[in-house]
1. When you scan region A:177-198, how many residues do you find that are more than 14 Å from chain C (Cβ to nearest Cβ) and in a loop (DSSP other than H, G, I, E, B)?
2. Which residue is surrounded by the fewest Cβ atoms within 10 Å (Cβ to Cβ), if the candidates are limited to region C:176-190 and must be small (G, A, S) and within 18 Å of the chain's Cα centre (by Cα)?
3. Working only within region A:73-131, note down all residues that are within 22 Å of C:E110 (Cβ to Cβ) and among the acidic types (D, E).
4. Please go through region A:119-168 and pick out each residue that is facing another protein chain (nearest Cβ under 9 Å) and of a type in the set (K, R).
5. Just wondering, is there one or more residues in region A:4-24 that are crowded, with 17+ Cβ neighbours inside 10 Å, modelled with pLDDT of 95 or more and of a type in the set (D, E, K, R)?
6. Restricting to region B:199-225, count the residues that are in a loop (DSSP other than H, G, I, E, B) and more than 10 Å from chain A (Cβ to nearest Cβ).
7. Picking from B:K310, B:K316, which residue would you name as being within 20 Å of A:L314 (Cβ to Cβ) and either surrounded by 18 or more Cβ atoms within 10 Å (Cβ to Cβ) or out of contact with any Leu (no Cβ under 9 Å at 6 or more places or on another chain) (or both)?
Amino acid sequence: MKLSAIAKAIGIAFDGEDLEISGIHTLDEANEGQISFLDNAKYISSLEGTKASAVLCKSASAGKVPAGCIALVDEEPYLKLALASKLFSPEVIETEGADALIGEGSFVSEKAYVGKGAVIGKNVKILPGAFVGCYAKIGDDTILHPNVTVYRDCEIGKRCIIHSGTVVGSDGFGFAHTKLGEHVKIYQNGNVVIEDDVEIGANCAIDRAVFGTTYIRKGCKIDNLVQFGHNVDIGEYSILVAQCGIAGSTRLGRNVVMGGQSATAGHLEVAPFTTFAARSGVTNDVKVGGKTYGGFPLMEQRQWLKLQAKLARLLKSN
Amino acid sequence: MKLSAIAKAIGIAFDGEDLEISGIHTLDEANEGQISFLDNAKYISSLEGTKASAVLCKSASAGKVPAGCIALVDEEPYLKLALASKLFSPEVIETEGADALIGEGSFVSEKAYVGKGAVIGKNVKILPGAFVGCYAKIGDDTILHPNVTVYRDCEIGKRCIIHSGTVVGSDGFGFAHTKLGEHVKIYQNGNVVIEDDVEIGANCAIDRAVFGTTYIRKGCKIDNLVQFGHNVDIGEYSILVAQCGIAGSTRLGRNVVMGGQSATAGHLEVAPFTTFAARSGVTNDVKVGGKTYGGFPLMEQRQWLKLQAKLARLLKSN
Amino acid sequence: MKLSAIAKAIGIAFDGEDLEISGIHTLDEANEGQISFLDNAKYISSLEGTKASAVLCKSASAGKVPAGCIALVDEEPYLKLALASKLFSPEVIETEGADALIGEGSFVSEKAYVGKGAVIGKNVKILPGAFVGCYAKIGDDTILHPNVTVYRDCEIGKRCIIHSGTVVGSDGFGFAHTKLGEHVKIYQNGNVVIEDDVEIGANCAIDRAVFGTTYIRKGCKIDNLVQFGHNVDIGEYSILVAQCGIAGSTRLGRNVVMGGQSATAGHLEVAPFTTFAARSGVTNDVKVGGKTYGGFPLMEQRQWLKLQAKLARLLKSN
C-alpha cells in the first residue's frame, strides 16, 4: 500500500516522495518498507535507530527521525496507528484461493473446517468442530480435538495435542483511546507459533501478536483455561497449571513453572527454571532463576510462608 | 398461561378469579399480567408497591399484598418460584417457524447454524461452528468467529467482534434449595443484549438474565476468559481484562476498568471511571469514581501499596 | 497386551513367566491382570498390599514386591509408567464399529457429532456443534448445548444440562520428567462420570481420570469457567461458583460450596457441608465440615475478617 494512501486514510498531511509500505512494526523490529510509531517519548532512543521507512510521531519528536525515514506528524500517533492497522488487516476468512494441502494419513472430519491455503502435515487428526483458518499450518502427528479453533496464519508444530475449546490466534487486547473515552481497535496482524511437542488443555486462549509472533516454545505443557496475551514468548519445556495468565509481551525462560491461578503482568522477563507457586502475582522481572516464588506482591516462597506465620501471630495478639 | 394452571402445577391452593399470566419478574419490575415473589421479608416495601398481578409469598406477608394483586401463599415461595419458572421456559431449539432473515452482503458459513426467526444484519460474518439461536439478532458488520455460541433471544449490536469459544446467553446461576439440600433450577427466561461496537475475547461466558436483560453497553472491550453473571450491566466503554469476573446483578458505570483476574461480588454498583488493579476483589459498592482501587478486601491502590510496604517491614522484624 | 511386549516397548529387561496385562492402575486400586508402579518410597506400604500382577519399581523397592507380583525394575519407574501408558491409549476417534443408539424422542442436530458405540437416552437434546465421543453415554432428558464436547468413554446422567463450550473428558495434566527437563505424557486412560441432575455452566473444563474415573456426583450445580483436574470427586449437591478450580484427586464431601475464584490444591479431602468464601485457597484437608472458611492460606472466614481488620489498623499506624 502506498504511503500517500495510508496518510490520506488516517488523516495526516503528506506530500513527500511516495513509497510502498508492506506493514507495521515496532521501532526496534521494523524493516525497510514498514511503518512504525512513537507515542511515548521514553522510547525516543529506539526512534533514532529504527529501520522503518516511515514513522508516526508527535511534532516534538519529528526532529529525531533518522535520515531516510519519513515522519508522519500527528499529536495522537497511537490513535493514528490504530487507524493504520486496519488497513493491513486481512479478511477473517478467505473464500477463494488454493485448497488446503492435507498430508498422507491425516484424518479431517467432515464436520471440521480447513481454510484455503492451509497446510496439514502427515498423520494429523482434525476432529469434528475444529477450525483451521486459511494459511494456517499444522505439523505431522498433531491432534486437534473437537471444537478447537486455530485462526488464520497461525502455526502448530509436530506431535502437538490441542484439547477441545482452545483458541489459538484470537486478537490480542490492544486499543488506542480517544479523548472522549472511546476505544479504537489496533488490528492484530501478527500470528501465533506453537512449536513441536506442545500439549495444551481445554478452553485456553492464546492471542495472536499485534505485530510479529506470539510463541509457545518446544515441549511446553499447558493445563486448562490458561490465558496468553499477545506477543508473549513461553520458553521451552515450561509448565503452566490451570487458570494461570500471562499478560502481553511477557517472556518466560525455559522450564518455568506457573502454579494454578498464578499470573504475570505484561512486558516482563522471567529467568529460566523459575517456579511460581499457585496464585503468585508477578509484577516485576524475575532475574534470578532456579528459585520458587509466591505471593502477591511476589517474594520468595519461603518468605511468603514466613509472612503468613507472622500474620497468624498478629491475628492471635491483642 | 392461566394463574389457576400455574398454581396447580406448583402445588398451591387457588380458587380466586382466574387471569392470564405472561411471565415472571421481580416485585419492582413486574407489570400487570406478571407474577412475582417475596421470600425475604427485608424486601416487603417492594411488595407494597408492586404492579404484579399475583405474588408468591409466605402467610406472614400476605396481608401486605396490595389490592388487585393475588397472593399465592406458601411457606417456601422461592422454591415455588423455581417450579413456576419452568412453566415459562421456551424450547432450547425451535425446529419449526420462519427461517432466519439474512441481510445483504452477509456471509454465513455452511458449517454455522442460524436458528428459526433469527435476524442477521448486513455484512455480518458468521464463521464455521458459530451458533445463533432462534430469534437472536445480530447487527450490521458484526463478526462471530468460529465456535461462538449465541443462545436464543439474545441480541448483538453493530460492528461487534466476538472471538471464538465465547458463549452469549447461557443460563444464569440461580437455584432454590430444598430442606434436604437439593437445588431446584430457576429457569433463566431473560436474555443478553450486547450493544454496538463491543469486542469480546475468546472463551468468555455471558449469562442471560433470570428476568429481563443482561447488558454489555456500547463500546465495551472485553479480554479473554471473562465471566459475566446474570443481570449484570456493564457501562459503556468499560474495559475488562482477562480472567476477571462480574457476579450477578452488579452494575458498572461507564469507562470502568477491571484489571486481570479481578472480580466483583454480586448486586453492587460501581461509579463511572473507576479503575480496579489486577486481582482486586470488590465486595461493596464503589461510590467515588475516578480513582484506582486494589486489594482484597478493596482499598485505594496507593493504600494497598502502603500496606504491602508495611508487611514487608513486618516480615523483616523479629 | 503381553507383559513381555510392554517390557520390551518401554525398555526394561524381562524374562519371567509371561502374562496378559489389561491396563494400568495405582497400587491400591490395581487388580489382577493390571500393572502398577512405585516411584516414591513413601508409598511402599501400598506396594506390599497391591493386587497388581506386575509393578514398575526401583531396585531398592523390588524386595518388597509381594509374592505372585512381577517386579519390573528401573531407576525411573515413573518415566517408564508414562511410556507404558501410551500402549493402553485408545484412538481419539473410532471410524468403524456399531452406530450410536439414539433413544426415543431425542433430538440430535445434523451439525452435532455422535461417535461409534455411543448410547443416547430418551428425550435427549444434542445441539449443533456438540460432540459426543465414541462409547460415551448420555442419560435421558439431558441437554448438551451448542459446542459442548464430551470425549470418548465419558458418561453423563439423566436430566443434566451442560452449557456451551464446556469440555468433559479432556486429558488430565500428568507428565513424567526426564533428567533433561523434558516432559513425557502420561496417557489419561480413565474417564469422567457425571451423575444425574447435574447442571454445568459455560466453558468449564473437566479432565478425565488418569486411571479410573473423575466424578461429579448427583445434583451438583457448577457455574461458568470452572476447572476440574483429573480424578477429582465432587460430592453430591455441591455448588461451585464461577472461575473456581479443583486440582487433581481432591475429594469434596456432599453439599460443599466453593465461592467464585476459589481453588483447592490436589489430593485433599473436604468434609461435607463446608463452605468456602470467594477466593479461598485450600491447601490442606478440611476435616471439620459445616463451617465457612476463607483466605489464602485458609482460615475460618470470621478469622479472616478479623485479620483484615487488624491489617487495616496496621495500615493506619505509624
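1. Keep residues of region A:177-198 that are more than 14 Å from chain C (Cβ to nearest Cβ), which gives A:177-194.
Restricting the remaining residues to those that are in a loop (DSSP other than H, G, I, E, B) gives A:178-182, A:186-190.
Summing the residues that are more than 14 Å from chain C (Cβ to nearest Cβ) and in a loop (DSSP other than H, G, I, E, B) in region A:177-198 gives 10.
2. First pass over region C:176-190, keeping only residues small (G, A, S): C:176, C:181, C:190.
Next, only the ones that are within 18 Å of the chain's Cα centre (by Cα) stay: C:176, C:190.
Details: C:A176: 19, C:G190: 24.
Only one residue fits best here, namely C:A176.
3. A:E110
4. The one that is facing another protein chain (nearest Cβ under 9 Å) and of a type in the set (K, R): A:K125.
5. Checking region A:4-24: not a single residue is crowded, with 17+ Cβ neighbours inside 10 Å, modelled with pLDDT of 95 or more and of a type in the set (D, E, K, R).
6. Going through region B:199-225, the residues in a loop (DSSP other than H, G, I, E, B) turn out to be B:201-204, B:208-212, B:217-220, B:223-225.
Then keep just the ones that are more than 10 Å from chain A (Cβ to nearest Cβ); that gives B:208-212, B:217.
Residues that pass the stated criteria total 6.
7. The conditions single out B:K316.
Here is a yes/no grid of residues against (1) within 27 Å of the chain's Cα centre (by Cα); (2) touching a residue at least 24 places away in the same chain (Cβ under 8 Å):
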{"position": "A:K8", "(1), (2)": "no, no"}
{"position": "A:S22", "(1), (2)": "yes, no"}
{"position": "A:E29", "(1), (2)": "yes, yes"}
{"position": "A:A41", "(1), (2)": "yes, no"}
{"position": "A:L47", "(1), (2)": "yes, no"}
{"position": "A:L72", "(1), (2)": "yes, yes"}
{"position": "A:L79", "(1), (2)": "yes, yes"}
{"position": "A:T95", "(1), (2)": "yes, no"}
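The values are calculated or read from the model by the stated rules, or taken from the named source; none is laboratory data. This is a predicted model, so every value here is computed, not measured. In this analysis, Cβ positions are derived from the backbone assuming ideal geometry, glycine residues included, and neighbour counts consider all displayed protein chains.
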